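Student: Let me begin by handing over the structure; questions about it come next.
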Amino acid sequence: MIYMVGAPPHQDMYDLKMEAPVGIRGEFKPISTKVPGIQISEHLPKIASIMDKCVPIRSVHGSPDGDHDSFICYTGRSKRKLIPGTWPSIGSTISKLLGPANKSTPPFVGLAPTAGHPPYGSPGHPGYLGVTHAAFRPSGEAMKDMQLNGIDMGRLSDRRQLLANFDSVRREIDLSGTMKGLDSFNQRAMELLSSSKLAAALDISKEPQAIRDLYGKGDSKNYGDGAPRNLEHFLMARRLVEAGARVVTLNFGRWDFHSNNFSECKNTHFPMFDRGMHALISDLHQRGLDKDVAVVAWGEFGRTPKINAEAGRDHWPEVGGALIAGGGFRTGQVIGATDRDGARIANRPVHFGEVHSTLYHHFGINPNEATLQDYSGRPHTLVDGWTPLPELM
């Protein structure tokens, strides 16, 4: 899941409105794609060339307000409906329900370095599922923590026993369940340290140069208070799912263009996003992983139809967009439509929860039958009654 930090302009990407007034339609022109009848922005030519492998959704809704938060992208739910511990992200939910596919690889990995605005750096939180099912975040100093640095396996075993001895008293007196969670967390950490599989997956230098060139590097620095535009994260995500990760989240850029929307899109974000998505989707198909691996890219809401005085677009919770690929889905189609100005949904509204329901279905889970218990012991289904998108089945 690619979280497009800060909410991208849907009407400048997949839903251009050439019949709208000048103050709405913007500067970009549409181009034809691999699929006759589907057009997208001229500044996304690589995605256009693989449209037969993609599904633009032009009618995403469900964001309750215009606040910047990755929460709805990672959970499919509004933060307004609060419960003890808050809702878990899809990665944490899958970690809980399915566990690791390989003990040497975490089931949930978040490629999200810390950001100036904390939700922009969130990989998706575990909520009431607790620390055991939090995302593994191999960014910054965490990479160094994965190396034994001269400690052999015998000394590692001794340290494991010492840690168990230190924790035994606290475990006996702990009533909150925290120590139980940390026990599982520590066990998983030891499994990761004693295997080279995860470290190898994160080492993109092992890829042929032609594949690394396909993805490119992008920019590893955070964009303002947002996320990096790191194209190597797209390649790392593919390597992680091959190594056994079930869910990988990737935070990309900072799309909150209240000013200079068109120059920012054209010069700083569209080219890198276009390249990263094209490389990832094409690579998955070439490796025969397109039915096994689903890809979703979206932000927390859309942008205003009206262009403001600073050539920007402001927050617009009424409708946004998304791009879906892989998953064995029926691709090469568009789902949903907006009115002439891109302001309101005209056909087939798609809630964030419907996309999450589709993703759980992809994992073989019925999201309205499977339940998880919150801190109070109350069971909850995985989505708020939403069913998978029949158009993709």
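The values are calculated or read from the model by the stated rules, or taken from the named source; none is laboratory data. Since we're looking at a predicted model, the values are computed, not measured. No Cβ is skipped: glycine too gets one built from the backbone with ideal geometry, and neighbour counts run over all protein chains shown.
Student: Let me spell it out: the conditions are (1) without any contact (Cβ under 8 Å) to a residue 60 or more places away in the chain; (2) of a type outside the set (A, V, I, L, M); (3) over 28 Å from residue 49 (Cα atoms), and residue 390 meets all of them except one. Which number is the exception?
Tutor: Every listed condition holds for residue 390 apart from (3).
Student: Which one of the conditions (1) among the charged types (D, E, K, R); (2) within 27 Å of residue 226 (Cβ to Cβ); (3) modelled with pLDDT of 95 or more does residue 96 fail to meet, given that it meets all the rest?
Tutor: Result: residue 96 fails condition (2) only.
Student: Going by the structure shown, is residue 85 under 31 Å from the mean Cα position of the chain (by Cα), at pLDDT 55 or above and farther than 30 Å from residue 362 by Cα?
Tutor: On the way: under 31 Å from the mean Cα position of the chain (by Cα): yes; at pLDDT 55 or above: yes; farther than 30 Å from residue 362 by Cα: no.
No: the conditions fail for residue 85.
Student: Which pairs turn up if I take residues in region 188-207 that are among the hydroxyl-bearing types (Ser, Thr, Tyr) and assigned to a loop (DSSP other than H, G, I, E, B) and look for partners that are at pLDDT below 60 and surrounded by fewer than 16 Cβ atoms within 10 Å (Cβ to Cβ) with beta carbon separation below 7 Å, at least 6 apart in sequence or on another chain?
Tutor: Correct list of pairs: 194/153; 194/156.
Each row is one residue, and each column tells you yes or no for (1) under 23 Å from the mean Cα position of the chain (by Cα); (2) exposed (fewer than 14 other Cβ atoms within 10 Å of the Cβ).
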{"position": "343", "(1), (2)": "no, no"}
{"position": "368", "(1), (2)": "yes, no"}
{"position": "376", "(1), (2)": "no, yes"}
{"position": "381", "(1), (2)": "yes, no"}
{"position": "387", "(1), (2)": "yes, no"}
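Student: Condition check: in contact with a strand residue (DSSP E or B) (Cβ under 7 Å, 6 or more places away or on another chain) and over 19 Å from residue 47 (Cβ atoms). Does residue 379 satisfy that?
Tutor: Details: in contact with a strand residue (DSSP E or B) (Cβ under 7 Å, 6 or more places away or on another chain): yes; over 19 Å from residue 47 (Cβ atoms): yes.
So residue 379 fits the description; yes.
Student: Out of everything in region 22-32 that is without any contact (Cβ under 8 Å) to a residue 40 or more places away in the chain and not hydrophobic (A, V, I, L, M, F, W, C), what residue ends up being farthest from residue 299 (Cα to Cα)?
Tutor: Of region 22-32, the ones without any contact (Cβ under 8 Å) to a residue 40 or more places away in the chain are 22, 25, 29-32.
Pick out the ones that are also not hydrophobic (A, V, I, L, M, F, W, C) and you get 25, 29-30, 32.
Details: 25: 20, 29: 22, 30: 21, 32: 24 Å.
Restricting to residues being without any contact (Cβ under 8 Å) to a residue 40 or more places away in the chain and not hydrophobic (A, V, I, L, M, F, W, C), the top hit is 32.
Student: Continuing with this model, one more query. Hey, could you check region 360-372 for residues that are free of Cβ contacts under 8 Å to residues at least 40 places away in the same chain and in contact with a helix residue (DSSP H, G or I) (Cβ under 8 Å, 6 or more places away or on another chain) and say which is farthest from residue 332 (Cα to Cα)?
Tutor: Initially, region 360-372 is screened for residues free of Cβ contacts under 8 Å to residues at least 40 places away in the same chain, giving 361, 364, 366-369, 371.
Narrowing further to those that are in contact with a helix residue (DSSP H, G or I) (Cβ under 8 Å, 6 or more places away or on another chain): 366-368.
On the way: 366: 26, 367: 26, 368: 28 Å.
Top of the filtered list is 368.
Student: Does residue 66 satisfy the condition of being surrounded by fewer than 23 Cβ atoms within 10 Å (Cβ to Cβ), of a type outside the set (S, T, N, Q) and within 19 Å of the chain's Cα centre (by Cα)?
Tutor: Numbers: surrounded by fewer than 23 Cβ atoms within 10 Å (Cβ to Cβ): yes; of a type outside the set (S, T, N, Q): yes; within 19 Å of the chain's Cα centre (by Cα): no.
The answer is no for residue 66.
Student: Considering only region 84-97, how many residues are among the hydrophobic types (A, V, I, L, M, F, W, C) and in contact with a Phe, Trp or Tyr (Cβ under 7 Å, 6 or more places away or on another chain)?
Tutor: 2
Student: Take the conditions hydrophobic (A, V, I, L, M, F, W, C) and buried (at least 16 other Cβ atoms within 10 Å of the Cβ) and apply them to residue 109. Does it pass?
Tutor: On the way: hydrophobic (A, V, I, L, M, F, W, C): yes; buried (at least 16 other Cβ atoms within 10 Å of the Cβ): yes.
Taking the combined requirement at face value, the residue satisfies it.
Student: Further question: Identify all residues within region 247-273 that are within 17 Å of the chain's Cα centre (by Cα), of a type in the set (A, V, I, L, M, F, W, C) and under 26 Å from residue 23 (Cα atoms); write none if there are none.
Tutor: Those that are within 17 Å of the chain's Cα centre (by Cα), of a type in the set (A, V, I, L, M, F, W, C) and under 26 Å from residue 23 (Cα atoms): 255, 273.
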